[in-house]
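A short worksheet on the structure shown next.
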Amino acid sequence: MKKYLPQIALLVAVAAVLVSLRAPRNTGEYDFVGFGRLPILVNGRVKPLDTVARTSLLVLQGRQRVKAPDGRSVSPEEWLLDVLYRPEIADTYQTFEIVHPDVLAMLNLTPEDGAGKKRFSFHQLAPGLAELDRQSKLADNVESAARSPFQRAVVQLRDGVVLYQRLQSSLLAPGVDHYLDRVAAFEQTVPDGLAALAAQREGKPHNASAVKTLHELGETFSNLESIAYLLPIPPLDGRNATSGWLNSGASLRRSLSTGKLSPAMRAYIDLGVAWRGYQPAQFNTTLAAYRVRLEGDMPAVLTRGNVEARFNSSQPFYTSSLLYVTAFLIALFSWLRWPDVLARTAFWIVSLAWILATVGIGVRMWLENRPPVTNLYSSALFVGWGAVALCLVLESVFKNAIGSVAAGLIGFATLLIAHHLALGGDTLEMMRAVLDSNFWLATHVVTVTVGYSATFLAGFLALIYVLRGAFTRSLDQRTADALARMVYGIVCFATLFSFLGTVLGGIWADQSWGRFWGWDPKENGALIIVLWNSLILHARWGGLVKARGLMVLAIFGNVVTAWSWFGVNMLGVGLHSYGFMDAAFWWLLAFVATQLAAMLIAGLPLNRWRSFAG
Amino acid sequence: MNLSTLWRDLRAFLISLKLTVAMIAFSIVLVLAATLDQVNLGVWAVQQKYFHCFVVYWNFGDFSLAVFPGGYTIGGLLLLNLIAAHIYRFKLSWRKSGIYLAHSGLILLLAGELFTGLWQDEYQMRLDEGETKNFSESFRAIELAITDTTDAKFDEVVAIPESVLADKKSVQHPKLPFRVEVKSYLPNSALQARSGAGDATASIATTGAGTQLIATPQAVTYKQNERNLPSAYVELHGPSGSIGTWLVSTQLIDAQRFEFADHSYKIALRFARHYNPYSLTLLKFSHDRYAGTEIPKNFSSRIRLTTPDGRDNREVLIYMNNPLRYAGLTFYQAGFENNDRTSILQVVRNPSWLLPYIACAVMTLGLGIQFAIHLVAFVARRRNVVAAVA
């Protein structure tokens, strides 16, 4: 039994991964899955509605699950359908996360009013909206870095409310009675109105109310055009270009002159009528017909949307992070009992988690048509990926579970960081002009990120050395030597990549701004990593440090890298302001404090280290 | 202690790895301090205070205390250390070849940064659509330009640089029939209307725009996205006494004209100009955004490049990450203004721009070789260990 443990564990893990990857299925009568895969354009990218639903929910409440007031679980697609077509119901879902006590007080709410003591419905917020608007306008005048936590919370809530209201005005014009019925009758009322208008111009008798209706519609559509958030109407000729997409107001306004609706608009109106009328069969037929139409017009876009929606629902990075934790615990345990079998088990699970993360990153690259690192979120994914890859190499050479422990820890930590970074919205963003260069993103950004990975890995290996040596008896001479060699090798690797990445960055800067080096905070951060790594190497070569000193220096490498990765970004907002003290900053401080503590522990006299005492 | 032991001690100090480690540690502290101080000083002033100097001073009040070695000291010692160590320890061997390459690349890189600091000039060129210019302007340096426009065919320009103005010197130039006396110079200023009699006494201008406007001093800014806007009061003295006192400012768009001794002149304080033997015309500036957003996708300027001799007359497209390199200058797309109708190009002259590229190639090659040597040795050793265990 024990002999087959690695195989059994791997089999279970693979089965779990396969279950997580299986295609989502509809649980009710409505084809939510098909609806979630409809392509729309928002923020410059064509994406499935599923992504819109999930990222909006993450922004509003920090999670993708929604509970209806009656306790029923609501899928992101169903929530989005209600937001789009049944605002009166969507307003009762508790999807606004508010934790700041002063903001709650301002809205006359108490934690007890909210789901989970922190989530509130739009309905609950409504009476306080005027005050929220007033407070956020006051906060707008303060530079974002200098805002107090209350002002930040106010602005964040206001932005959430604006996003929610703009989503609600994507297909229905707010404040217009029976809007959906009126646009459903578009193809009768508008031709009538046009005919009446033509008659009026020729001075013939005409139907004045038809002309009036036409003018009213025109005004409504113009208003809608200026506020609608989503651009759901694809270009008529089926081109893949993103420039031809329209929002519903624009599409309807253009149809006014002909009296003919665009097929996509017709489909969205019919879907709304069916959804509001609780007609699942009609809903599904309309949806299927529209999807068939898109299949003919823009098959590539539809495939991309299908893949993205599938990617969203299978959450590969979540599964991967669970596997990393499991592997970490197993590998840790292997130092106490059954070293060979458990080390092998941990290694296989880490490999599986890494493959899953690789697939995830690959799908993101394909969706975005970009190299792996394009923003802070993807850098977190990639730092973890690179470090775990190095761990796998180490583990396959040394086979002492150290690589797996480090892999589990770094893999999980980076995915956790990525999860928190994803709360800002869609992580597949468009690149600003100067960054819009796949060549430099692929070379400079990737190498510099691999440099981060390697520096972190060296630091974590050193942590293992110190903690194992000081607190357990398990660090024998052989393991200690192996760790020293690993750390030294990884520091060499880190020096190579961080240096290469930094100079590639310099060359990019020379190409785009005319200076190789500008002492910009981010450049300096990268430079400090290079300098620190080369300091470690020179101190080692000069005999200034031995194994233990090497570990202390490598642990401080964690501090240096964390500062370059996140610290300088916080600096960019302004060091002198209170706004600097936001949550991420405290996490960074806490991380630095733990690293300094580990360095102090490493400084204990060797006879106090449990491994070396006897 | 005799001279030879002193020499030996100095040599031992210069080639020691301890010095290397100490200098790297110093440079880390220096870079970190310079990064944090950018919040207060901005990136330009920080470079002067920390890197382009031998000693970093800490100013409090009127006192300034030397607290840390500056960029030149640390970089210089590192360079000496590197060169000395290689001269004394150099042994031709494959095992060290990567290290040698990497370090000679580093020497080249440090030298390149030094040359860049010494020789690089930066200007900018603002072009409205349809406008043609044969000069670029400095970011910071200004000049007082007095132009003789009597002859319709050509202008004769006398430019007095900022350093002279700031010293409030009096200038007599062979091409000018009058002496220029700087009465007051404001490194950063704001112009206001000279409203009512109350302010009139504060201004010393007797003619030109200064009769309507008054310049008030402003705090000098070091911020990256702000520019100092200097003004000056300048009095011209002819053979028979004062001609008048003018208010000149970079904020006045048009030069002020006057007549003297049957010649017509223009006087203006402007950002120092760098003339090129060719001209650029902005045909079209484009600012593309991603559909349905305000996120910029690309900025580009379509430019016509013409030389007076007619050798070059062609269209070029300058866009992000694609500058125009021409006759020793490089033109980058830097910004835009005026509802996307004005393009701002950054113009850089850096004769040593290729050095960092060469240095990086050499260093990367060196580090790569060294890493590969270590890796091969490591794998071979592992294989032996595994074989021995088996």
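The values are calculated or read from the model by the stated rules, or taken from the named source; none is laboratory data. Since this is a predicted model, take the numbers as computed values, not measurements. Glycine also receives a Cβ, built like all others from the backbone with ideal geometry; neighbour counts cover every protein chain displayed. Side chains are part of the model used for accessible areas, which takes the heavy atoms of the whole protein and leaves out ligands, DNA and RNA. Shrake-Rupley method; radii C 1.70, N 1.55, O 1.52, S 1.80 Å.
Return the average number of partner chain Cβ atoms within 10 angstrom of each residue Cβ along peptide B:100-107.
Mean partner-chain Cβ count within 10 Å for B:100-107: 1.
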log10 of Debye I(q)/I(0), alpha-carbon scatterers only, for the stretch B:1-118 at 0.12, 0.16, 0.20 Å⁻¹
-0.56, -0.87, -1.14
Tabulate in residue order the Karplus-calculated ³J(HN,Hα) for the stretch A:415-429, using 6.51 cos²θ - 1.76 cosθ + 1.60 with θ = phi - 60°, rounded to whole Hz; enter x for Gly and Pro.
5, 5, 4, 4, 4, 6, 5, 6, 5, x, x, 4, 8, 9, 9
Apply 1/(1 + (r/R0)^6) to the Cβ-Cβ distance of A:Leu336 and A:Ser396, taking R0 = 25 Å, and write down the FRET efficiency to the nearest 0.05.
0.65
Global form of the stretch A:411-545, assessed from the alpha-carbon gyration tensor, a/c cut-off 1.5
oblate
Which angle between 0 and 90 degrees, to the nearest 10, do you get for helix A:263-276 versus the longest principal axis of chain A when only C-alpha atoms count?
90 degrees
Under the Kirkwood approximation applied to all pairs of distinct alpha-carbon atoms, what is the hydrodynamic radius of the stretch B:287-390 in Å?
18.7 Å
Could you tally the net charge around A:Val307, taking each other residue with its Cβ under 13 Å from the Cβ of A:Val307, Lys/Arg +1 and Asp/Glu -1?
+2
Calculated from DSSP H runs of 4 or more alone, at -39500 (n - 2.57) each and per residue, what is the 222 nm mean residue ellipticity of chain B, nearest 500?
-11000 deg cm²/dmol
So B:Leu17 and B:Tyr72, fully extended at 0.36 nm per residue minus their Cα-Cα distance, gain in nm 17.8 nm
Normalise the Cα radius of gyration of the protein assembly as shown by 2.2 N^0.38 Å (N = residues in it) and let me know the number.
1.13
Does anything in the stretch B:318-352 have its amide N under 11 Å from the 7 Å Cα→Cβ label point of B:Asn134, and if so which residues?
none
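Find, among the trypsin sites (Lys or Arg not before Pro) in the stretch A:246-315, those assigned to loop by DSSP (not H, G, I, E, B) with at most 15 other beta-carbon atoms within 10 angstrom.
Of the trypsin sites (Lys or Arg not before Pro), the ones in loops of the stretch A:246-315 whose Cβ has at most 15 other Cβ atoms within 10 Å are A:Lys260.
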When averaged across all projection directions, what area in nm² does the alpha-carbon convex hull of the stretch B:6-67 cover?
5.6 nm²
For A:Lys67, the lysines lying under 30 Å Cα to Cα, once residues fewer than eight places off in the same chain are dropped, come out as A:Lys47, A:Lys117, A:Lys118
Taking the simple approach of a point 7 Å from Cα along Cα-to-Cβ for both A:Asp102 and A:Arg201, what is their distance in nm?
5.9 nm
Counting other Cβ atoms within 10 Å, keep those with at most 12, restrict to DSSP loop, and tell me which chymotrypsin sites (Phe, Trp or Tyr not before Pro) in the stretch B:80-181 are left.
B:Phe90, B:Phe154
Which of the three applies to the stretch B:331-390, rounded, prolate or oblate, going by the alpha-carbon gyration tensor with a ≥ b ≥ c and a/c under 1.5 meaning rounded?
oblate
Quote the FRET efficiency, to the nearest 0.05, computed for B:Tyr88 versus B:Ser264 with a Förster distance R0 of 56 Å and r equal to the Cβ-Cβ distance.
0.20
Neighbourhood charge, 14 Å Cβ-Cβ cut-off, centred on B:Pro356 and excluding it, Lys, Arg +1 and Asp, Glu -1
-2
Share of Cα-Cα pairs in the stretch B:119-192 lying beyond 14 Å, as whole percent
73 percent
Measuring from a point 7 Å past the Cα of B:Leu110 along Cα-to-C-beta, which residues in the stretch B:336-376 have an amide N at less than 18 Å?
B:355-364, B:366-367
For the pair A:Asn607 and B:Arg257, what calculated FRET efficiency results from E = 1/(1 + (r/R0)^6), where r is the Cβ-Cβ distance and R0 = 60 Å, to the nearest 0.05?
0.10
Under a plain spin-label model, where a point goes 7 Å from the Cα along Cα-to-Cβ, how far apart in nm are B:Lys284 and A:Tyr318?
4.8 nm
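Over the Cα atoms of the stretch A:77-212, what is the Rg over Rh ratio if Rh follows Kirkwood?
That ratio is 1.20, to two decimals.
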When you have a sec, figure out the Kirkwood radius of the stretch A:340-491 from all distinct Cα pair distances and drop it here in Å to one decimal?
16.4 Å
In nm, give the distance between the simple-model label positions of B:Val157 and B:Val171, each being 7 Å from the Cα along the Cα-to-Cβ direction.
1.3 nm
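Across peptide B:23-33, how many C-beta atoms of other chains are within 10 Å of each residue C-beta, on average?
Partner Cβ neighbours, averaged per residue: 4.
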Please compute, for peptide A:540-546, the average count of beta-carbon atoms on other protein chains lying within 10 Å of each residue's beta-carbon.
3
Take the solvent-accessible surface of the protein heavy atoms, probe 1.4 Å, and return the percent of it on chain A that carbon and sulfur atoms account for.
61 percent
How many angstrom lie between the C-alpha centres of the stretch B:236-251 and the stretch A:116-179?
60 Å
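Please say if the stretch B:122-251 is rounded, prolate or oblate, where rounded means a/c under 1.5 for a ≥ b ≥ c the square roots of the C-alpha gyration tensor eigenvalues, and otherwise the choice is prolate for a/b larger than b/c and oblate otherwise?
Since a/c reaches 1.5 but b/c is at least a/b, the shape of the stretch B:122-251 is classed as oblate.
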Please report the equivalent ellipsoid semi-axes of the stretch A:66-150, computed as sqrt(5 x eigenvalue) of the Cα gyration tensor, largest first, in whole Å.
27, 15, 12
Mind grabbing the accessible area of A:His538 for me, 1.4 Å probe, Å², rounded to tens?
20 Å²
By how many nm would the segment from A:His123 to A:Ser222 grow when fully extended, if each residue of separation counts as 0.36 nm and the alpha-carbon distance is taken off?
32.9 nm
Just need log10 I(q)/I(0) for the stretch A:1-46 at q = 0.15, 0.23 Å⁻¹, Debye formula, equal scatterers on the alpha-carbon atoms, no solvent, rounded to two decimals.
-0.65, -0.86
Using a 1.4 Å probe on protein heavy atoms, which residues of the stretch B:291-307 have at least 20 Å² less accessible area in the complex than alone?
B:Ala291, B:Gly292, B:Thr293, B:Ile295, B:Pro296, B:Lys297
What are the ³J(HN,Hα) values, in whole Hz, obtained from phi via the Karplus relation 6.51 cos²θ - 1.76 cosθ + 1.60 with θ = phi - 60°, for each residue of the stretch B:248-253 in sequence order, with x given for Gly and Pro?
10, 7, 5, 7, 7, 6
